[in-house]
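No value in this document is a laboratory result; all are computed from the given coordinates. Note that the structure is a prediction, hence the values are computed from the model and not measured. Virtual Cβ from ideal backbone geometry, glycine too; neighbours counted across all protein chains shown.
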Amino acid sequence: MNRAEALKQIVTFGINKEAAYSELVQFEYDSQIKYFIVSKSILESVLRMYLSDKITDDGLEEWASFIECRDDIEYEAIEGYIYALANPYQVGDINKTKITRMVHLLKTT
């Protein structure tokens with residue numbers, strides 16, 4: 001599995017997500033290249049997983065923190081959402097009402 005595929009598996013909660021973490025450690029942490037882009041549609045898909053109880057509050061926060069700390073992931077189009085999800089103690093707790101609003105906002109922007 002290459003770096004881009006490992007990032008895709010992790011960010012999209014792919015079936016090989018756990019193996020992807022093991023594969024990702026073989027690559028340098030710092031990167032000047034963006035190997036994966038997190039689009040609005042990927043964000044919406046992950047938020048819907050949360051709303052259907054496939055991801056916990058902590059799981060969603062960890063997911064956003066993972067994206068936020070990576071140099072090799074592009075997420076500029078959804079940066080505000082990622083910040084809010086990765087920093088619930090500053091922005092407010094993750095809950096279904098807030099995530100439902102985020103999904104609605106994603107559809108209208």
field: Lysine pairs with alpha-carbon atoms under 15 Å apart, the chain, spacing 8 or more or separate chains
entry: 7
statement: Burial-style ranking of 80-86, 92-98, average other-beta-carbon count within 10 Å with highest first, yields 80-86, 92-98
task: For the chain, build the charge dipole from Cβ charges (+1 Lys, Arg; -1 Asp, Glu) around the Cα centre, then report which of A4, L60, A20 sits farthest towards its positive end.
output: L60
query: What is the Cα coordinate range of the chain on the first, second and third principal axes, sorted by size from largest, in whole angstrom?
result: 39, 26, 26
message: With the crude spin-label approximation of a point 7 Å out along Cα→Cβ, what separation in nm comes out for F13 versus K34?
response: 2.4 nm
- request: Along Cα→Cβ, 7 Å out, is where each label goes; now give me the distance between the ones at H104 and C69 in nm to one decimal.
  value: 3.3 nm
- request: Calculate, for V25 and K54, the FRET efficiency according to 1/(1 + (r/R0)^6) with r their C-beta to C-beta distance and R0 22 Å; round to the nearest 0.05.
  value: 0.30
- prompt: Could you give the angle, 0 to 90 degrees to the nearest 10, between helix 57-69's Cα long axis and the longest principal axis of the Cα atoms of the chain?
  reply: 50 degrees
statement: Percent relative contact order for the chain, counting Cα pairs under 8 Å at least six residues apart, stands at 26 percent
